[in-house]
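Okay, structure first, notes after.
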Amino acid sequence: MSKNFRVLASVALAASLAATSACSSTRDESSSSTGGSTSNLIGIAMPTRSLERWNNDGAHLDGLLKKAGYTTSLQYADNKVDQQITQLENMINQNPKVLVVASIDGTALGPVLDKAAKANVKVIAYDRLINGSPNVDYYATFDNYLVGKLQGQFIEEKLGLKDGKGPFNLEPFAGSSDDNNAKFFFNGAWDVLKPYVESGKLVIPSGKKIAGEEDWKTVSITGWKSETAQAEMDNRINSFYTGGKKVNVVLSPNDSLALGIAQSLESKGYKPGADYPIITGQDADLANVKNIIADKQAMTVWKDTRTLGDQVAKMVDAIVKGGTVETNDTKTYNNGVKVVPAYLLPPVVVVKDEIKAKLVDSGFYTADKLGL
Ligand code: GAL
């Protein structure tokens, strides 16, 4: 989607939203007090500012809804579950129409969503599913299983596994175990890679065994922290890569982990070029796109967060005006209590020579910002 088209699309979207929700609104940056009428209040709860994408997600959705005349309360919870629950309780006390929630721990919000339901507040789970509650009305995200599948297929193709190449040394990582997405990412990739692990074409020198349904948690990195991934990679290299053994490929579920893993490899003497391992990623974070340009990461799965914000703004508007909320998946996402009707958006693989066409021409980044 070209930059001009994207701009036109968001202006058109804001205009259509504005047409339906024109009522008095007061701008309120991120503090929870709206000060003005709360009749048109939309609460937006984001997990943290320390993981790059959520800043983009929050700002884009907040801007769209404000442009459309809604009052918003945009909150970030520093990856602290209790803080997020308190923020949601504060929002509910202000009688919002809709809560948009990107949860930190998708299993911890049952009680506060009960309060939302009692106050007749509708809830949209944003990017990450909220589990164990009947009070999640809709879910909007990217196709999480496909994200992992694209990472697995990228490794399969890059290494020539389909042509019988190998063995190669693989180190698998998974995302935060409290994040419902992490399981989908990992399973998507592992369903591609597992046959090669079983056939011995992919070897895991660190001995991580991924057999059972929940075994992905043995390689999960809590809170998606770069520094934790870096320390874990240091440990694996120190313990299992002696005597000249080399890491050939790292399954990293997202860019924050990939950054830490690349820093570990660099500190252990790996240099971009000949023996540098394939590292996957997700989110197209700025530092990681620069690492791809510098051959320190092989790919990222880009999820254009603007399109997710656009879709959620439409869902909010449909809920507020009593219209039909658009969904395109009413089967996949069972949260343990119900199948939550969802709207899935397409993730896209980005490699070095596609950065301009996909990330710059679409306006996600400027060439200047990427040093291009
Ligand atoms: C996931 C999200 C990814 C990544 C990760 C860490 O839930 O889908 O895009 O950002 O969290 O923030």
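One line per residue, one yes/no per condition, for (1) open to solvent by 10 Å² or more (accessible area, probe 1.4 Å); (2) closer than 26 Å to Phe184 by Cα; (3) not small (Gly, Ala, Ser):
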position	(1), (2), (3)
Glu266	yes, no, yes
Gln282	no, yes, yes
Asn288	no, yes, yes
Asn291	yes, yes, yes
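Is region 233-255 home to any residue that is under 22 Å from Pro47 (Cβ atoms), surrounded by fewer than 22 Cβ atoms within 10 Å (Cβ to Cβ) and either without any contact (Cβ under 8 Å) to a residue 60 or more places away in the chain or more than 16 Å from the ligand (Cβ to nearest atom) (or both)?
The answer is no; no qualifying residue exists.
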Looking at region 179-196, which of its residues are open to solvent by 40 Å² or more (accessible area, probe 1.4 Å) and more than 16 Å from the ligand (Cβ to nearest atom)? Asp191, Lys194, Pro195
So which residues in region 158-187 are among the polar types (S, T, N, Q), in a helix (DSSP H, G or I) and under 22 Å from Val81 (Cβ atoms), if there are any at all? Asn180, Asn181
Test Lys162 against the criterion of being charged (D, E, K, R), open to solvent by 50 Å² or more (accessible area, probe 1.4 Å) and within 30 Å of Pro277 (Cα to Cα), and give yes or no. yes
Being in a loop (DSSP other than H, G, I, E, B), touching a residue at least 12 places away in the same chain (Cβ under 8 Å) and open to solvent by 20 Å² or more (accessible area, probe 1.4 Å): is that true of Lys369 here? yes
Answer yes or no: is there a residue in region 120-131 that is open to solvent by 10 Å² or more (accessible area, probe 1.4 Å), over 17 Å from Ala77 (Cα atoms) and either in a helix (DSSP H, G or I) or touching a strand residue (DSSP E or B) at 6+ places or on another chain (Cβ under 8 Å) (or both). yes
Members of region 218-232 found to be within 15 Å of the ligand (Cβ to nearest atom) and open to solvent by 50 Å² or more (accessible area, probe 1.4 Å), listed by number: Thr222, Lys225, Glu227, Thr228
Select from region 63-115 the residues that are crowded, with 19+ Cβ neighbours inside 10 Å, within 16 Å of the ligand (Cβ to nearest atom) and either assigned to a helix (DSSP H, G or I) or among the aliphatic types (A, V, I, L, M) (or both) and list them in ascending order. Ala77, Gln84, Val100, Val101, Ala102, Ile104, Leu109
Among the candidates Thr307, Thr324, residue that is surrounded by 14 or more Cβ atoms within 10 Å (Cβ to Cβ) and of a type in the set (Ser, Thr, Tyr): Thr307
Taking into account only those residues within region 338-360 that are exposed (fewer than 14 other Cβ atoms within 10 Å of the Cβ) and of a type outside the set (D, E, K, R), which is farthest from Lys314 (Cα to Cα)? Ala357
Test of understanding: among Val247, Val289, Val219, which residue is within 25 Å of Glu354 (Cα to Cα) and not polar (S, T, N, Q)? Val289
The conditions are (1) within 16 Å of the ligand (Cβ to nearest atom); (2) open to solvent by 10 Å² or more (accessible area, probe 1.4 Å), and Val203 fails exactly one of them. Which is it? (1)
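The values are calculated or read from the model by the stated rules, or taken from the named source; none is laboratory data. Owing to the predicted nature of the structure, the values given are computational and were not obtained by experimental measurement. Cβ: placed from backbone, ideal geometry, glycine included. Neighbour counts: every protein chain shown. All accessible areas refer to the heavy atoms of the entire protein, side chains included, with ligands and DNA or RNA removed. Shrake-Rupley method; radii C 1.70, N 1.55, O 1.52, S 1.80 Å.
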